[in-house]
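Below is one structure; the comments refer to it alone.
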Amino acid sequence: MEAITRVSMKVCPFVKSHSAQALRQISQNSSLASEARQCPFMRQALKNKQSVRPYSSATRPVNATAAPATDSKATRSTPYSFKGDQLKQVDVDLSSNENSFDYSGFMETELSNKRNDKSYRFFNNINRLANEFPKAHRTQEENKVTVWCSNDYLGMGRNGLTLAEMKRTLDKYGTGAGGTRNIAGHNRHAIRLESELATLHKHQAALVFSSCFVANDAVLSLLGQKLKDLVIFSDELNHASMIQGIRNSRAKKHVFKHNDLAHLESLLASYPKNTPKLIAFESVYSMCGSIAPIEKICDLADKYGALTFLDEVHAVGMYGPHGAGVAEHLDFASHLKAGINQPENSQTIMNRIDMITGTLGKAYGTVGGYVTGKASLIDWIRSYAPGFIFTTTLPPAVMAGSTSAIRYQRSTLQDRILQQKNTRYVKNNLNSLGIPVIPNPSHIVPVLVGNAADAKSASDLLLEKHNIYVQAINFPTVPIGQERLRITPTPGHGPELSNQLISALDSVFKELDLQRIDQWAAEGGLCGVGDPEAVPIEHIWTDAQLALKDADLHPNVVDPVIEPIGVSSGVAV
């Protein structure tokens, strides 16, 4: 700026002909731009600026004028006595001695770090075949593999009833929702789906989001931003979506050791009971398969005046007589007897949870997320959460298919029972071969490898040599040194496919010389594998529950009539 000023004082006729006081007065009157247009050079520069970036700034209304935006020699006299071609051209170096930030270099360094620590992720081209799942093909359709790591836990992505409902809705209502729920995306499919979800979890209301990542982030961040002095207590293995929501909430937080009730209570007890508190946790932790002590966490919440936020993403569809998740499963007999109604003992564990979030994109085979709870809570989230308000609604066909999937799974036990049986078969046979399955009571089969390079090598070898797809799991999804293969049987992975997997894993462990259970035990154990003090873990599905038939379900779960909930559209006052 100083360089421009010095040059102007020497060569600009306008500047030379005005005193410093006069120039200062012009600046204060905000008329420099109009004066500058009298200069041949500045007039052209201003025109170029307007033509190149007309969007850069808008004239404030207080300065607007009705005069035409054209130069008129007759409308204004000019103090300039020189023509443009008579003015001296002065080159002024306005460049800086500083260099701009090396954005590309930064990103290349970050990527190089990922490659060097073997955590860089490669995406395999896997195309699931609806009519043959768990089969899929790779780039070439004739190159088929068996998928062993899908989160479509029940194979609902190929369910005939769901597909038929989605096709019917797609033909009638088209591909997209047309906007957010507030503008153009509110419809009968959203209303019906939220009614089904509220009924499934036996809560008063539900709200559907584009994904459960969005749901978790939106709800947790809103609670922290709106509830003054809220303190959030989060399990150390909570999903990234919950961590993100807590971070965005700007609330004070404490992280308690995984499923450690004593640690959680010590943190809760450090605050007065009237301090707002929230305990955020999951039912099934997807990378290790552990299950939270939900009932005891509810006891602590009652004792210390805390809200409970339960993520049932990896449990909905999979547990309970109707697929509502682990909270339903813990009162299995009561819910089985009551069907879609509230059990006679209304103080079930599911009713003690203030908020349940879940997904439609795993066991239900479609896409989307949701939260359920009391009507006032859900209406509050609907009214204030930006993650809901400003997000385009799920397509009608997706919501219709999701509703169909929920209704189907409510009326049958067989898919989740078969899935549990296949899981037990795989776990038992891998353990008998010394292949280190991280012990857990759920449907997840995590095979411990212990470093990123070996985990990827094992995954690649299974795919290329055995036509089996199991993705390696590394940091930041799991801690460094605990890398693993995460296997998820489905009802379609019967004994024949399971035996192929077991044989292939045994071969891969031999070829890569990976550690087995006895080797981990010699090192003191890791993640429960080879731990001499580990207590045997029983699956949450009991033998008696696995022996149930669909005839044991209450008749009211078959094609029930479910009334819409008012919160979906707004509650009239």
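The values are calculated or read from the model by the stated rules, or taken from the named source; none is laboratory data. It should be emphasised that the depicted structure is a prediction, and the values quoted were computed from it without experimental measurement. In this analysis, Cβ positions are derived from the backbone assuming ideal geometry, glycine residues included, and neighbour counts consider all displayed protein chains.
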Test result for Gly323, surrounded by fewer than 24 Cβ atoms within 10 Å (Cβ to Cβ), at pLDDT 95 or above and outside any helix (DSSP H, G or I): no
Set Asp102, Asp117: member being over 25 Å from the mean Cα position of the chain (by Cα) and in contact (Cβ under 8 Å) with a residue 24 or more places away in the chain: Asp117
Segments classed as strands (runs of 3 or more DSSP E), wholly inside the range 121-213, with at least 3 members that are in contact with a Lys or Arg (Cβ under 8 Å, 6 or more places away or on another chain): 135-137, 144-147
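Identify all residues within the range 436-463 that are over 29 Å from the mean Cα position of the chain (by Cα) and crowded, with 22+ Cβ neighbours inside 10 Å; write none if there are none.
Here is the first cut: in the range 436-463, the ones over 29 Å from the mean Cα position of the chain (by Cα) are 436, 461.
Selection gives Pro436 alone.
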Residues being surrounded by fewer than 20 Cβ atoms within 10 Å (Cβ to Cβ) and not hydrophobic (A, V, I, L, M, F, W, C) - total across the range 214-260: 16
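Table: residues versus (1) of a type in the set (A, V, I, L, M); (2) modelled with pLDDT of 95 or more; (3) farther than 24 Å from Tyr364 by Cα.
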residue	(1), (2), (3)
Phe106	no, yes, yes
Tyr153	no, yes, no
Ala190	yes, yes, no
Ser195	no, yes, no
Of all residues making up the range 249-303, the number that are under 16 Å from Asn238 (Cα atoms), in contact with a Leu (Cβ under 9 Å, 6 or more places away or on another chain) and small (Gly, Ala, Ser): 5
Checking Ala206 against (1) more than 14 Å from Phe388 (Cβ to Cβ); (2) touching a residue at least 24 places away in the same chain (Cβ under 8 Å); (3) buried (at least 16 other Cβ atoms within 10 Å of the Cβ), the condition it does not meet: (1)
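Conditions (1) at pLDDT below 95; (2) in contact with a helix residue (DSSP H, G or I) (Cβ under 6 Å, 6 or more places away or on another chain); (3) within 26 Å of Ile562 (Cα to Cα); (4) aromatic (Phe, Trp, Tyr), marked per residue:
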| residue | (1), (2), (3), (4) |
| --- | --- |
| Asp171 | no, no, yes, no |
| Ala184 | yes, no, yes, no |
| His203 | no, no, yes, no |
| Phe209 | no, yes, yes, yes |
| Cys212 | no, no, yes, no |
| Ala215 | no, no, yes, no |
| Ser221 | no, yes, no, no |
| Val231 | no, no, no, no |
| Asp235 | no, no, no, no |
Any helices (runs of 4 or more DSSP H) falling wholly within the range 215-315 and containing at least 1 residues that are within 22 Å of Gly358 (Cβ to Cβ): 240-249, 294-304
